[in-house]
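Engineer: Following this message is one structure expressed as structure tokens.
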Amino acid sequence: MLARVRRSRLAIALGVCCVAALGSTVDPPPARATLGQRIVQGRDGRIFISIAFQMDPHWHIYWRNPGDSGGAPRVQVDLPAGFAAGEILFPRPRVFGSAEDRGFGYEGKVELLVPVTLPTGEAPASVEVSAVVSWMACKESCVMGEAKLNGTLTLAEQSRVAPTATPSLPGPMPEGWKAEIVHAGAEYSLVIVPSRDAKGVDAMLFLPDPMPGIEFADGTGPIKPANGKWRIPFSVRKEDATDGPPKVRGLILAGGNDADPAYWIELGPVGAAEAKK
Amino acid sequence: MRLTRTALAISLAATAIFAAAMPMDDDKPQGVAKKEDAKPRRAEAAKVGDAAPEFTLTGADGKTYNLSDYKGHTVVLEWFSPSCPVSGHGDRSFWGSGNAAKTVAAVKAADPDAVYLTINSNHDGLGGQSTKQQGDASAEVIAKGGLAAGLSVPVLMDPEGKVGRAYGAKTTPHMFVINTTGTLVYVGAPASDDGKTDYITSAVTAIKAGKPVEPANTKNSGCGIKYAGGSGPRRGGGPGAKPN
């Protein structure tokens, strides 16, 4: 019989973990996924399932926007009734590749986090969880990988799990930063104004999240700021916006190191109330 | 125990853009002050609404293919690689899964006069394979791709990459649809991430009905095309890179 415990008092640990590889086009696969050893708890109180990837040297997997080529990992999670999983949260990606084939992703190892919502009221003491994870890994060539990951979540009255050690999980723009959409006719721009004391803006980059109807100009390298305002031009094609009014979404990378901060922004819908240039 | 299935399909649809911030001065755009990685190829590539770039290519079958031969027909171009696990390699690829054959059949059902061509723009010698060998491998994959009886899809070889660059083809697969007047009307992925929307057949159907193609641009994903003298291999790459 399952013990019943109050959700508010739970700390959650993943008791048993096993991995069943479903396949890869290369054996042994150059990138491997495992379910984390425990459910981690973020600083904001949210809890996450962790999917950890380990890549062979020079192989990489991709961010949610892979860039010019590649493909983002996919995760399908099975959870008991009452539990819910959200969209994968990706850590800050690296930028790699050539000017003609720019990629955003991860080398070495990376931990992707899937937020989990517990059922209201009481929850069972332990639950089974499984996740089918598929990914594309590339070096000079690319291979597909897939694994079914299984584990037992133990929901026990224990001390809270330490905040995740996953570095550089993007957050909102800090106080003092500003981002807005401006336009002159059909010419649109995303304008970012970092705070005066912001660090890392010399190497600031914006990685757009793909949004139907929005197309950012082809890539250029980092450009030093003039007076603290940054402009990233983009075009709007409302006829391509099949999911409703187009929005601008993406990641600001401040600084050039993995441990530097990254900020997630979402603006729009475009065409509503942008400032004129 | 009843399980609640939560699908977390994170979109493969992603803009293929690396946008760098450009400074503003007193709210007046300064234009591109400096480009660390200027990419003229992209600037020159055809866009939706442009005239489709003309080409003459030799097929793996030895025949010559001119785009102009298909004037008055809707033309579907699919960039292809026999060694890419998204395009032609393995049973989960576009061709290995049978999805390409289904697309071809749907296109021909929507418009029997439509033409479907594949193009391989990987450079000669990739993975130690000559253009001829790559062409043979491409034709073999497509022959085994489950095409319905009576249908065939030629493979056009573009080892210099001129045609691929003219169209701005980045990945395999990467799809382009040209209407009956020779205008590029669709660029992007074969289908939506969830597989529910076949963008190519939708485009061909719209052309046939005289309607605009919407969406006309979608995000494609797949293996990067290895252009001759162009897009260098990614980090860790170098001479002797494997085909993709």
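Engineer: Go through segment B:186-212 and report how many residues are closer than 18 Å to A:Asp68 by Cβ and either among the acidic types (Asp, Glu) or part of a helix (DSSP H, G or I) (or both).
Structural biologist: Final tally of qualifying residues: 1.
Engineer: Then there is this: Among the residues of segment A:60-88, which ones are of a type outside the set (Gly, Ala, Ser) and more than 25 Å from B:Val86 (Cβ to Cβ)?
Structural biologist: A:Asp78, A:Leu79, A:Pro80, A:Phe83
Engineer: Please go through segment B:183-207 and give me each residue that is touching a Gly at 6+ places or on another chain (Cβ under 9 Å) and of a type outside the set (A, V, I, L, M, F, W, C), ordered by number.
Structural biologist: B:Thr183, B:Tyr199
Engineer: Report yes if some residue within segment A:19-31 is part of a strand (DSSP E or B) and at pLDDT 65 or above; otherwise report no. Steps first, please.
Structural biologist: Here is the first cut: in segment A:19-31, the residues part of a strand (DSSP E or B) are A:19-24, A:31.
Checking the rest, the ones that are also at pLDDT 65 or above come to A:31.
Yes, some residue in segment A:19-31 is part of a strand (DSSP E or B) and at pLDDT 65 or above.
Engineer: Anything in segment B:163-185 that is touching a residue at least 60 places away in the same chain (Cβ under 8 Å), of a type outside the set (Gly, Ala, Ser) and not in a strand (DSSP E or B)? List them, or say none.
Structural biologist: B:Val163, B:Arg165, B:Tyr167, B:Lys170, B:Pro173, B:Asn179, B:Thr180
Engineer: Moving to a separate point now. Inside segment A:227-250, can you point out the residues that are part of a strand (DSSP E or B) and among the charged types (D, E, K, R)?
Structural biologist: Selection gives A:Lys229, A:Arg231, A:Arg249.
Engineer: Could you pull out the residue among B:Glu160, B:Glu78 that is of a type in the set (D, E, K, R), modelled with pLDDT of 95 or more, surrounded by 15 or more Cβ atoms within 10 Å (Cβ to Cβ) and not in a loop (DSSP other than H, G, I, E, B)?
Structural biologist: That would be B:Glu78, the only listed residue that is of a type in the set (D, E, K, R), modelled with pLDDT of 95 or more, surrounded by 15 or more Cβ atoms within 10 Å (Cβ to Cβ) and not in a loop (DSSP other than H, G, I, E, B).
Engineer: Please go through segment A:85-119 and give me each residue that is facing chain B (nearest Cβ under 8 Å), more than 21 Å from A:Ile47 (Cα to Cα) and in contact (Cβ under 8 Å) with a residue 60 or more places away in the chain, ordered by number.
Structural biologist: Selection gives A:Val95, A:Ala99, A:Arg102, A:Phe104.
Engineer: Further question: Filter segment A:172-220 for residues that are of a type in the set (Ser, Thr, Tyr) and within 9 Å of chain B (Cβ to nearest Cβ); which is nearest to A:Tyr62 (Cα to Cα)?
Structural biologist: Restricting to residues being of a type in the set (Ser, Thr, Tyr) and within 9 Å of chain B (Cβ to nearest Cβ), the top hit is A:Thr220.
Engineer: Out of segment B:110-130, which residues are in a strand (DSSP E or B) and not β-branched (Val, Ile, Thr)? Walk me through it before giving the result.
Structural biologist: Going through segment B:110-130, the residues in a strand (DSSP E or B) turn out to be B:115-120.
Passing the criteria: B:Tyr116, B:Leu117, B:Asn120.
The values are calculated or read from the model by the stated rules, or taken from the named source; none is laboratory data. This structure is a prediction, so every number in the text was calculated from the model and none was measured. Note that we place each Cβ from the backbone using ideal geometry, even for glycine, and neighbour counts take in every protein chain shown.
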